[in-house]
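Read-outs throughout are calculated quantities, based only on the coordinates presented, and are distinct from any laboratory measurement. In this text, all values refer to a predicted model and were calculated from it rather than measured experimentally. Cβ coordinates were reconstructed from backbone atoms using ideal geometry, including for glycine residues, and neighbour counts include every protein chain displayed.
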Amino acid sequence: MAFSKEEFIEGFVSETQEHIDAINNGIIQYKSTPGNKELLSAILRELHTIKGTGRMMGYPVIESLSHGLEDVFKGIREEKYELNDHIVQLTFHTSDCIQRVLRKIVEEGNDELNISEYMETFKKASSGLFFTTDNLNIDLNDSDDDEVFELEEKDDTLENITSIRIDINRINEIIRSFDNLIIRQFRFKHQLEEFEARLNATEGNVMHELPKQLKEDLLQTETAIFDTQHQLLNLRMLPLDMVLTPLKKEVESDSLKLKKNIELDIPKTEFLLDKAILENLKGILLHLIRNSMDHGIETPEERKAIGKTDRGHISVFAQQNSNHIIIYVIDDGRGIQYEQVRKKAIELFPNDQKEIENMSHKELEQYLYISGLSTKEQTTELSGRGVGLDVVRTDMEKIKGRIKIKSKENEGTTFELKIPLSLATQQGLFVHTGNMKLMIPSNYIAEIANVEERDITIIQGQSYISLHNMLIPLYFLSSIIGGEQNENTSSVIVVEYLETQIAIVADSIDQYETVVVNPLPPVMQKLEAVQGVVYDENYAIIPILNIPDIMRRLRRLLAYDMRKYEIKNKKHTFTVLVIDDSATTRQIEKAIFETDGYIVETAVDGIDALDILKTKHVDAIITDIKMPRMDGITFLSNLRRTPEFDNTPVIIVSGVYDPETKEKFMNAGAQSFIVKSEFQRGNLLQAVKELLGE
């Protein structure tokens, strides 16, 4: 029987892509641990496998590219030369070229490309001669430069996915859900037939039983339908790691261009997100990481001058909160230069100079999302093109997400992205204004407030309510939607977007629901204030409000500029000290507490912590057990011998647990013990709040 490679193309492409990912990850690790023979051997095995399968499938270009790069790495193994930045760049260029060839195989059925420049470069590199990769930015299809740029810039890995692998257990769950629906359908049919028979027999004494049975079956059927719907929607979900893993290669390549020493930490996750969300998410994360690399992370010389290590650190990690994923992008760089932002904002908006001069740092952050604002004096290839974070803001709106920023000078910046798991469904509040029923998406809702007339303050014609020591502008939804204004302010929803909050008054609040989102009908396409529609039980159209647009519209109605006002009697801000030798753990816990308004100090071990306590006051301490130089139990013993910290609350967060260890720490003076395997944002915060009496 003749060999037909068409039957194996899909598997070959998928397998080769996996080998390329392994090579890219391997070279990043090898660069951090030069001389690691196991890593070097693994890279050579991956290249050898690509070469062999390429030859077997009859794709000479794939075979030649992998063979040429294999010769380069053999030279490293034979100690003819060492790994350098040029070889790293050559590896990335080659992997990109192989990916382009794979696309050509899928789309055209062949790998006919001119790779003479690559082969010449491999020859120089494997001979130990000087070479550059500048000549590899060429058009392998002999087309215009613009087309090459689009090909290189466009990442259609996600966009072109038309089929996905589904775990058999997920399919079995859907089948079971459908079986339940069929059973319920049969029961309904049987009960209706019985109902008709009894009606005909005029057996009035059982009539009261049937409605109850029908209601119970209806409820169970609705539950089964919702479960089936949920399972079906999950078929569109793809792993978040599909977006996160390739970022490591991008950062390594970009750090070489910037001549900065940057480490990217991305723990593996098991989260699944809607494919439509992932398609936008990679660009969002890449832009934020490049922003941190270019604007945030200092040069090695600058870092050393202020007492930092010469290696910058960027961490990207995710956690799930109900039906949302929260992704943090954290760097340990210079932080946002707020005075530079203020200066640039005044240049862009000279008419608002007086107002901008009096803005707090948090208020200035709104200008970071404006197109054309950049705090860098010199442009770079990565993020100095005047694009700013407006691209991120726009793309986050597309996926119904929210972004927050926290930054501290010389300590770094944290971007917090809150993203729904799926775009197919929407959680939110149904509200009424006039004769209209509307939905407010939950991802913009900060809280629902009960407001009385005495809580309302009027400043220069604008109404405000006082909540959590802030004055928040108050608006009636009818002022945008139309209709008669209801003076009743008992139904107030506080919504938040880009660090700005406003309070919206509705006539009444109906209920909180999870619904399937439908696109706008043609007649509503031009309504920017509406982002989609849902249908109620009577198939009436219920608009979903586009809160960012609503807030922009309400801003135009301000009689006085819409700003947050600090109330004089600010509540006390607590300070916590986080002690852990893991940089990622420190950053995660730091982000958790700062998100809730705490001031956070960090230490790598007990000695570092004791030095900090000599100069700074802290209200609570969170510490690991096993740490270099001074471990947790030794630190706790030293702490309790100091009268000043005799009663300071201490919480142990440990990766190991046994009753004896816990008892040992509790006897030494710890107030709480949390196991990392059971770690959640809520239980750590709650433990601190209880100990501080909040």
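Distance from a point 7 Å along Cα→Cβ of THR49 to each backbone N in segment 98-135: keep the residues under 17 Å and list them by number.
Answer for segment 98-135: 99.
Output wanted: per-residue J couplings in Hz (rounded whole) for segment 642-648, from phi through Karplus 6.51 cos²θ - 1.76 cosθ + 1.60, θ = phi - 60°, x for Gly and Pro.
Result, rounded to whole Hz: 9, x, 4, 10, 4, 10, 5.
So how much slack lies between ASN84 and LYS664, counting 0.36 nm per residue of separation and subtracting their Cα-Cα distance, in nm?
Length gained between ASN84 and LYS664: 203.8 nm.
Calculate the spin-label point distance for LYS398 paired with GLU453, positioning each point 7 Å from the Cα along the beta-carbon direction, and give it in nanometres.
4.9 nm
Where does the Debye-calculated log10 I(q)/I(0) of segment 231-331 sit at q = 0.15, 0.16, 0.22 Å⁻¹, using only Cα point scatterers of equal weight, no solvent?
The calculated log intensity ratios at q = 0.15, 0.16, 0.22 Å⁻¹ are -0.64, -0.71, -1.12.
Here are some pairs, LYS51/LYS123; LYS37/LYS74; LYS74/LYS257; LYS37/LYS268; LYS343/LYS406; which of them have Cα atoms lying more than 22 Å apart in this structure?
LYS74/LYS257; LYS37/LYS268
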